[in-house]
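Chemist: Before we start, here is the structure in question, set down as structure tokens.
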Amino acid sequence: MSAESMNASNRVKKCVAYIVIAVFAVVVDQLSKAAIVHSFELDNQRRTLIAGVLDLVLVHNEGAAFSIGQGAGPIFVIVAAVFAVAALVFLWKYPSTSWFSVVCIALVVGGGLGNMIDRIRLGYVNDFFATSFIDFPVFNVADIFVTCGVVLLLISIIFFDSDEPHKVDSSGKTSTHKGA
């Protein structure tokens, strides 16, 4: 198999994996929100999930993370859609992106799209995880995907990608992207 066909195959595999993982994150997020909405009769009703650690409480968030940007829902919808497309273009353009990075990016995008669906469909995002051991904003599964994806991607970039030796290809160009 030629290097060019391997590169094309790798490009397709990573883009498909990105889409599958992002869709999985959206489905898990939407199912969790549906279950919470279905099981709570009133907003702000609190139920203990893990005593002294985590409660469930349904709240409607019209902002973004930590309720920042109340009323700016349309902007968040546009940003999520643009980011999802930009990530796919990036992965297509840079097929040497590590598999770990593909997963991290897909988690961020899937979480963003999960909240985007709520904003389009409802005008707000359903949040329901509330910490009881500290005063922390209420969050949801999509927020967990976004946060974990960003943190893991940063860890990967800081601790693993920075040590990658520069590679020189046959044209004399230097590259720091990890291989497949």
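Chemist: Each residue of the range 111-125 in turn: what ³J(HN,Hα) in whole Hz from Karplus with 6.51, -1.76, 1.60 and θ = phi - 60°, glycine and Pro shown as x?
Modeler: Coupling constants for the range 111-125: x, x, 5, x, 6, 4, 4, 4, 4, 5, 6, 10, x, 7, 10 Hz.
Chemist: Starting from the Cα of F133, step 7 Å along the direction of its Cβ; do the same at I78; then give the gap between the two resulting points in nm.
Modeler: Taking the simple label geometry, F133 and I78 are separated by 4.1 nm.
Chemist: What dipole magnitude, in Debye to the nearest 20, does the range 9-162 give about its Cα centre under +1 on Lys/Arg Cβ and -1 on Asp/Glu Cβ? Don't jump to the answer; show the numbers that get you there.
Modeler: Numbers: 9 positive and 10 negative charges, 133 e Å.
It works out to roughly 640 debye.
Chemist: Here's a follow-up. Taking the Cα centre of the range 9-162 as the origin and placing charges on Cβ (Lys, Arg +1; Asp, Glu -1), which of Q45, A87, T131 is farthest toward the positive end of the dipole?
Modeler: Of the candidates, A87 comes out farthest on the positive side.
Chemist: Quick one: divide the alpha-carbon radius of gyration of the range 9-162 by 2.2 N^0.38 Å and tell me what you get.
Modeler: Numbers: Rg = 16.5 Å, N = 154, 2.2 N^0.38 = 14.9 Å.
Dividing the Cα radius of gyration by 2.2 N^0.38 Å gives 1.11.
Chemist: So, one more: In percent, how large is the relative contact order of the range 9-162, given Cα pairs closer than 8 Å and 6 or more residues apart?
Modeler: Normalised by residue count, the contact order of the range 9-162 is 33 percent.
Chemist: To the nearest 0.05, what FRET efficiency results for E62 and F160 with a Förster distance of 41 Å applied to their C-beta separation? Could the numbers behind the result be given before it?
Modeler: On the way: r = 38 Å, r/R0 = 0.92.
In this case the efficiency is close to 0.60.
Quick note: the coordinates plus some simple rules give every number you see, no bench work behind them. Values in this document were obtained by computation on a predicted structure and should not be read as measured data. Every residue, glycine among them, receives a Cβ derived from its backbone with ideal geometry; neighbour counts consider all protein chains shown.
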